[in-house]
Amino acid sequence: MSESKSTNIVWHQGTVERPQREILNRHRGFTIWFTGLSGSGKSTVSVALEERLHGMGCRTYRLDGDNVRSGLNRDLAFSPEDRIENIRRIGEVAKLFRDAGVINLTAFISPYRRDREMARALSSDNDFVEVYVDAPLDVCEQRDPKGLYKRARAGSIPNFTGISAPYEPPEEAEIHIRTGESSVDECVEQIVAYLLANDYIESGLVETAGDG
Ligand SMILES: Nc1ncnc2c1ncn2[C@@H]1O[C@H](COP(=O)(O)OS(=O)(=O)O)[C@@H](OP(=O)(O)O)[C@H]1O
Ligand SMILES: Nc1ncnc2c1ncn2[C@@H]1O[C@H](COP(=O)(O)OP(=O)(O)O)[C@@H](O)[C@H]1O
């Protein structure tokens, strides 16, 4: 599935490349990869984090499972093979956004460790930050923001993650947020603190924007 069918292709180099874009953007391009059960809070936290980063003067773009599956990945369902292909494509799209010098936030269940590692392997050492959005299944099920758990329990949604399909939690995610214990704001601040402490972003972009 992930094997290339294209042959005789030659990479065409541009004159404006990632370093030039990053200078213009005044920050690096990198990926913040959220993973977690349905209802764990991937979309909620990624939206709030994007707003926070945007307010700090960062160029951002959010890729969300439900949204991408209504367009680019509309041909994919939830079999293991389709989930693998889903994450493979998102890994490649995230790579394009890094090349564009943009901070991209991906919010996919991405249940398989191997697929997340594959997405990470497309990045250089430090431009992939995995965030484990951790909430116990019973908390997610109680939240059930879209009523999907109820339908999955009733048997009308097959292969539902956590119920009838597996989720493999990260073993070494850069960031571990517990949305059953911390508020959305606290989760966002935990991530921002990590990004600042590890030089992914710097404070003061907004204050200095337009200088020089
Ligand atoms: N069978 C099954 N299992 C899990 N989720 C399901 C399923 N069917 C539909 N949905 C809805 O699809 C969203 C998950 O899509 P993803 O692309 O993130 O899934 S995956 O990474 O390929 O596993 C998921 O969104 P989130 O609740 O935001 O995680 C659901 O809204
Ligand atoms: N600390 C928290 N972080 C994220 N979501 C939370 C938190 N506390 C409660 N919630 C609620 O949990 C639900 C998470 O849903 P959603 O963000 O769609 O999850 P996912 O994208 O992982 O499926 C929302 O209704 C949100 O308001």
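The values are calculated or read from the model by the stated rules, or taken from the named source; none is laboratory data. Being a predicted model, the structure only gives us computed values, none of them experimental. Cβ: placed from backbone, ideal geometry, glycine included. Neighbour counts: every protein chain shown. Just the protein is used for accessible areas: all its heavy atoms, side chains included, with ligands, DNA and RNA removed. Shrake-Rupley method; radii C 1.70, N 1.55, O 1.52, S 1.80 Å.
The figures follow:
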item: Surface accessible to a 1.4 Å probe, LEU148 within the full protein complex, Å²; result: 40 Å²
item: Neighbour net charge for ASP75 - beta-carbon separation under 14 angstrom, K R +1, D E -1; result: +2
item: Whole-number accessible area per residue in Å² for the chain, which is evaluated in the context of all protein chains at 1.4 Å; result: 55 Å²
item: Length released on extending from GLU181 to GLN13, taking residue separation times 0.36 nm less the Cα-Cα span; result: 55.7 nm
item: Added length on full extension, which subtracts the Cα-Cα distance from 0.36 nm per residue, ARG114 to SER4; result: 37.7 nm
item: Relative intensity, log₁₀ I(q)/I(0), of region 19-201 from a Debye sum that treats every alpha carbon as a point, q = 0.19 Å⁻¹; result: -1.35
item: The chain, accessible surface, carbon-and-sulfur percent (1.4 angstrom probe); result: 51 percent
item: Neighbour cut-off at most 11 other Cβ (10 Å), DSSP loop, trypsin sites (Lys or Arg not before Pro), region 1-107; result: LYS5, ARG74
item: Local electrostatic count, ARG178, Cβ distance below 12 Å [Lys/Arg +1, Asp/Glu -1]; result: -3
item: Counted charge near PRO136, where neighbours are those whose Cβ lies closer than 14 Å (Asp, Glu -1; Lys, Arg +1); result: -3
item: In region 92-194, GluC sites (Glu not before Pro) in a DSSP loop with at most 16 other beta-carbon atoms within 10 Å; result: GLU171, GLU172, GLU181
item: Of the DSSP H helices in the chain, those whose Cα atoms cover at least 15 Å axially and whose Kyte score averages -0.5 or more; result: 42-55, 184-197
item: Alpha carbon centroid spacing (whole Å) that separates region 11-35 from region 115-154; result: 26 Å
item: Helix-only [θ]222 nm of the chain, DSSP H runs n ≥ 4, -39500 (n - 2.57) each, per residue, nearest 500; result: -11500 deg cm²/dmol
